[in-house]
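Reading through the structure tokens given below for one structure.
The values are calculated or read from the model by the stated rules, or taken from the named source; none is laboratory data. None of these values were measured; they are calculated from a predicted model. Cβ placement follows ideal geometry from the backbone for every residue including glycine, while neighbour counts extend to all protein chains displayed. For the accessible areas, the whole protein counts, side chains as well, though only heavy atoms, and no ligand, DNA or RNA atoms are used. Shrake-Rupley method; radii C 1.70, N 1.55, O 1.52, S 1.80 Å.
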Amino acid sequence: WSLEERLSAIIDCGHLDEAAINEYCRNIGLYPHHIQQWKKDLVTPPSNKTVKSDSKQLKQEIKQLQKELNRKDKALAETAALLVLKKKADALWGFNEDD
């Protein structure tokens, strides 16, 4: 079941008594303990292990993106320097593209 479907089932069962929850679960092909477990999963925060692994993954992604940005900045600076040198050389030797 997707997260949206689980949340919908939890909301649908929120105002029902136990007998009505059992009937609802039979109609959609679930067991009532699934709804109870989904409620617990929704209320309890993720474990520290999950948060740490997500944090570590995000830090690695940030580091990789920073490296890529630095590489692109260096390439841009090099291109700008070559363009300036070309313009200076053209001015010194009088090279014109129309010639």
Failed criterion for Lys59 (all others in (1) open to solvent by 100 Å² or more (accessible area, probe 1.4 Å); (2) in contact with an Asp or Glu (Cβ under 9 Å, 6 or more places away or on another chain) hold): (2)
The stretch 28-56, subset touching a Cys at 6+ places or on another chain (Cβ under 7 Å) and outside any loop (DSSP other than H, G, I, E, B), residue surrounded by the fewest Cβ atoms within 10 Å (Cβ to Cβ): Pro32
Enumeration of residues in the stretch 70-97 that are of a type in the set (A, V, I, L, M, F, W, C) and open to solvent by 100 Å² or more (accessible area, probe 1.4 Å): Leu76, Leu82, Leu85, Leu92, Trp93, Phe95
Test result for Ile10, exposed (fewer than 11 other Cβ atoms within 10 Å of the Cβ) and on the phi < 0 side of the Ramachandran plot: no
Residue list for the stretch 13-27, filter: in a helix (DSSP H, G or I) and either open to solvent by 60 Å² or more (accessible area, probe 1.4 Å) or touching an Asp or Glu at 6+ places or on another chain (Cβ under 6 Å) (or both): Glu18, Ala19, Glu23, Arg26, Asn27
